[in-house]
Amino acid sequence: MATVLHQGYVPGCIGRVAELHATYYSPRAGFGLYFESKVARELAAFCEAYQEGRDGLWLVRVDGRVEGSLAIDGSRAATEGAHLRWFIASDAVRGTGPVALNQPHWFLVLFGVSILFVLHSKGKIRVFTDRLETGEVVTACKFLAIAGVVLPLIPSAPLGAGLVAQIFDSLPVTPRQIWMAVVITTTISYLGYVLQTYLFPRKGLLLTGLIGGVYSSTVAVLVLAKKSKRSPGHDEEAAAAILLAVSMMYLRLLVLVAIFRFHSALQVGPALVILALLAAAYGIWIRRNSQESVLVAQEAPPSTPEALLEPGMEPVPGETEEPALRKNPLEINSALFFAFMFVAVSLATKYALILYQGMGLRMLSFVVGCSDITPFVVSVLQGNLGIGTAQVLQAIIIASASNNMLKVAYTYMFGTRRTANLAAMGMVTLAALSVIYAITLI
């Protein structure tokens with residue numbers, strides 16, 4: 001079925017356009033012979049007086065048959081303005097014009113099938129949307145506007161010669177790179193947030209570690225360590241969940257590398273995948289060798305803190321939820337804070353390289369590992385720092401090793417001793433392997 005847009009008169013178009021108007025308006029408005037003949041007469045007069053450049057007539061033809069029309073009558077443009085006339089489409093093409101003209105026909109079929117699937121699942125979609133808070137929908141809409149509208153408008157380089165331009169000139173990243181980093185990293189975190197909050201609200205410790213690691217592995221480890229202390233006797237499961245969160249950290253790093261430096265992902269990808277598999281395998285091994293029962297209470301679902309308590313225990317005030325894992329990363333304040341941290345870390349990285357060269361970058365990598373490593377990772381991946389791929393990947397691996405040591409400290413500070421010992425054995429080993437791999441990149 002060939003669909004073309006034709007400009008100008010074609011034989012038979014006057015009768016066909018009159019027919020389209022008559023068949024559309026007769027059942028809806030009761031228009032009859034007078035209306036159809038009026039359309040035909042006036043369209044015929046328009047075609048006879050047609051002047052190229054002043055008037056316009058466009059016809060949608062499907063396999064040679066006229067299925068739609070639109071005309072601009074400019075005969076009175078100087079006094080009354082141009083007149084839009086005979087704008088109509090048949091049922092065969094109504095609503096599919098741009099798609100029919102620019103996409104293959106299989107796309108139309110796919111579009112229709114997608115609509116049917118959505119209509120079939122409208123009950124489930126309604127249940128899901130009913131669980132969403134209005135504030136979150138508004139926040140998501142704001143973020144889509146910032147990502148889809150504002151981001152393309154941000155210049156690749158600072159404009160003008162004022163103070164703002166001078167500040168950006170001193171940065172190793174451009175304004176667009178800064179906001180691109182915000183959009184990508186918060187989107188990844190939002191995926192974990194949605195899984196954590198809406199798709200898997202009734203979860204045990206293992207799923208908390210797995211999904212929480214997508215949101216933030218450091219925050220997930222902190223939450224899991226606290227849970228192990230609130231629920232003694234489930235140390236192995238908590239340790240296993242911590243290792244799963246660490247495993248997701250490596251996969252998250254791999255995604256960031258692939259987005260900002262795809263060619264580098266081919267080099268560091270095997271190492272990050274191996275580290276992720278080792279962390280997950282050790283966590284699963286801990287869980288399978290545990291003689292403890294699954295952490296589920298009879299009276300409460302796994303998603304509630306009461307499910308993590310022994311009979312007779314009371315919830316700790318202020319710890320009845322997981323606010324750190326349930327904070328929407330798409331909130332504007334969170335995005336602006338990440339942008340600030342990204343700029344600060346980029347500047348620190350730039351001057352560490354200027355003052356101390358490669359050693360400065362390695363030391364900074366170790367230091368930033370004691371906090372959120374994402375701003376640092378993104379800054380070295382896309383910043384104009386004048387360093388090679390090997391140095392970039394080495395910095396990322398060192399930061400991940402340092403971050404694992406921070407997680408070890410968290411588990412000992414907030415978790416039970418047995419949970420900390422089990423988890424630390426894996427995380428320290430992973431940190432050591434990371435350092436060894438980083439040395440090979442020198």
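Structure notes:
- Of all residues in region 250-274, those that are open to solvent by less than 10 Å² (accessible area, probe 1.4 Å) and farther than 24 Å from Gln177 by Cα total 1.
- Total residues in region 59-95, condition within 17 Å of Val17 (Cα to Cα) and either open to solvent by less than 80 Å² (accessible area, probe 1.4 Å) or of a type in the set (Gly, Ala, Ser) (or both): 20
- Residue in region 179-186 that is within 25 Å of Leu277 (Cβ to Cβ), modelled with pLDDT of 75 or more, open to solvent by 20 Å² or more (accessible area, probe 1.4 Å) and among the hydrophobic types (A, V, I, L, M, F, W, C) present: yes
- Any hit, region 215-235, residues being modelled with pLDDT of 75 or more and under 16 Å from the mean Cα position of the chain (by Cα): yes
- Leu20, sole failed condition from (1) open to solvent by 70 Å² or more (accessible area, probe 1.4 Å); (2) under 17 Å from Asp91 (Cβ atoms): (1)
- Any hit, region 391-399, residues being β-branched (Val, Ile, Thr), within 22 Å of Val219 (Cβ to Cβ), surrounded by 15 or more Cβ atoms within 10 Å (Cβ to Cβ) and without any contact (Cβ under 8 Å) to a residue 40 or more places away in the chain: no
- Checking the stated criteria, Ser247 turns out to be crowded, with 22+ Cβ neighbours inside 10 Å and under 24 Å from the mean Cα position of the chain (by Cα).
- Considering region 24-53, and only residues there that are out of contact with any helix residue (DSSP H, G or I) (no Cβ under 9 Å at 6 or more places or on another chain) and hydroxyl-bearing (Ser, Thr, Tyr), the residue that is surrounded by the fewest Cβ atoms within 10 Å (Cβ to Cβ) turns out to be Tyr34.
- Some residue of region 339-347 being assigned to a helix (DSSP H, G or I), hydroxyl-bearing (Ser, Thr, Tyr), over 17 Å from Ala220 (Cβ atoms) and out of contact with any Leu (no Cβ under 8 Å at 6 or more places or on another chain): no
- Cβ separations smaller than 8 Å between residues 6+ apart or across chains give the following pairs from region 204-223 residues that are over 18 Å from Met405 (Cα atoms) to residues that are assigned to a helix (DSSP H, G or I) and of a type in the set (Asp, Glu): Gly204/Glu237; Leu205/Glu237; Leu206/Glu237.
- Of all residues in region 420-442, those satisfying the criterion of being surrounded by 14 or more Cβ atoms within 10 Å (Cβ to Cβ) and within 30 Å of Gly233 (Cα to Cα) are Ala420, Asn421, Leu422, Ala423, Ala424, Met425, Gly426, Met427, Val428, Thr429, Leu430, Ala431.
- Verdict on Arg362 being charged (D, E, K, R) and surrounded by fewer than 17 Cβ atoms within 10 Å (Cβ to Cβ): no
- Qualifying residues in region 202-258 (those that are in contact with a Phe, Trp or Tyr (Cβ under 8 Å, 6 or more places away or on another chain) and β-branched (Val, Ile, Thr)) - the one farthest from Tyr190 (Cα to Cα): Val221
- Counting only residues that are farther than 30 Å from Ala420 by Cβ, open to solvent by less than 10 Å² (accessible area, probe 1.4 Å) and either at pLDDT 90 or above or among the hydroxyl-bearing types (Ser, Thr, Tyr) (or both), region 365-390 holds 1 of them.
- Region 405-415, subset farther than 13 Å from Ala241 by Cβ and in contact (Cβ under 8 Å) with a residue 60 or more places away in the chain, residue surrounded by the fewest Cβ atoms within 10 Å (Cβ to Cβ): Met413
- Residue pairs whose Cβ atoms lie under 8 Å apart, separated by 6 or more positions or on different chains, with the first residue in region 120-139 and part of a helix (DSSP H, G or I) and the second open to solvent by less than 100 Å² (accessible area, probe 1.4 Å), are Ile125/Val118; Phe128/Tyr198; Arg131/Tyr198; Glu136/Asn328; Thr139/Asn328; Thr139/Leu330; Thr139/Glu331; Thr139/Ile332.
The values are calculated or read from the model by the stated rules, or taken from the named source; none is laboratory data. Everything quoted here is computed from the prediction, not taken from an experiment. Counting neighbours? That spans all protein chains shown, and the Cβs are built from the backbone with ideal geometry, glycine included. Areas reflect the complete protein model, heavy atoms only, side chains present, ligands, DNA and RNA absent. Shrake-Rupley method; radii C 1.70, N 1.55, O 1.52, S 1.80 Å.
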